[in-house]
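One structure is given below, encoded as structure tokens.
The values are calculated or read from the model by the stated rules, or taken from the named source; none is laboratory data. Quick caveat: nothing in here was measured; it's all calculated off a predicted structure. Here Cβ is always computed from backbone atoms with ideal geometry, including for glycine, and neighbour counts include all displayed protein chains. Protein only, heavy atoms only, side chains kept; ligands, DNA and RNA dropped before computing areas. Shrake-Rupley method; radii C 1.70, N 1.55, O 1.52, S 1.80 Å.
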Amino acid sequence: MPAARDLSTVAAGLDAVQWIRVSGGHVPAGEWHPAQDVPDLWWAATPLAKDGLPVTGLPLVATAQLVALLGGRLPTSAEWEWMAGRGERRFPWGDEPPGPGTANLRDFGPGCATPVTAHPAGRTAEGLWDVAGNVWEWTTAPWRRDRVALLRGGSYNSLIQYASCVHANDVPGHLSSPGVGLRPVRHTPPTSGAAA
């Protein structure tokens, strides 16, 4: 795991984070979580990026430390599911299956991560980019006894079904992969870089 000083260097080299407010609501019970209310939250508009490409390869603990340096935290799996589909959409952009303009997935991507703003047709109604495909996103599952880490959204090597708003993949927290990135969330409005 990177040392704290190394994470500070990573944080200093990141692209500016734009924050977008997503109204909260009620998430029905699903395979990965009980029914619960999600508050209004501020989400990073894209996965964290450096020079336009997603930051990857960090295990769960280092990811949590990095987002804390940015004034955020990792989302819970239920919060991520609400942000992605608001209980209404099959995929972050709607119900239509993914295609080359919506997401970087195995069947129609280059086989590696692409810039986080490369798929404008895949944005959520609230304006969040790259919620499905390109890189998985770390989430937590505090209600589960095993405290397992859950990945959401699929990656450039994922099949279409992994891009669904309700799909999650349970993995060990020590996993580090070029296909796993992160998207911070926060409870309070940022002091700059916000979009309502």
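Tabulated values for the structure
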read-out	value
Most to least packed among 102-114, 126-138 [average Cβ atoms within 10 Å]	126-138, 102-114
Considering only the range 80-196, percent of DSSP beta bridges that pair antiparallel, nearest 5	80 percent
Accessible area in the full protein assembly, largest first, 1.4 Å probe, for His33, His174	His174, His33
Local electrostatic count, Thr188, Cβ distance below 12 Å [Lys/Arg +1, Asp/Glu -1]	+2
Hz values of 3J(HN,Hα) by residue in the range 170-183 - Karplus curve (6.51, -1.76, 1.60), Gly and Pro given as x	7, 9, x, x, 7, 4, 10, 8, x, x, 10, x, 7, 9
Long-range amide H partners of Asp15 with built H, under 5 Å	Ala49, Lys50, Asp51, Gly52
Amide hydrogen neighbours beyond the local backbone of Thr76, cut-off 5 Å, H modeled	Thr140
14 Å beta-carbon shell around Arg90, net charge (K/R +1, D/E -1)	-2
Chain lengthening between Thr117 and Arg73 when straightened (0.36 nm per residue, less Cα-Cα)	13.6 nm
Label of the coordinate-derived value, Rg/Rh (Cα atoms, Kirkwood Rh), listed as [x] 0.93; [y] 0.97; [z] 0.99	[x]
Local net charge near Val55, Cβ-Cβ under 14 Å (Lys/Arg +1, Asp/Glu -1)	-3
In nm, spacing of pseudo-spin labels at Ala16 and Thr191 (7 Å Cα→C-beta vector)	1.5 nm
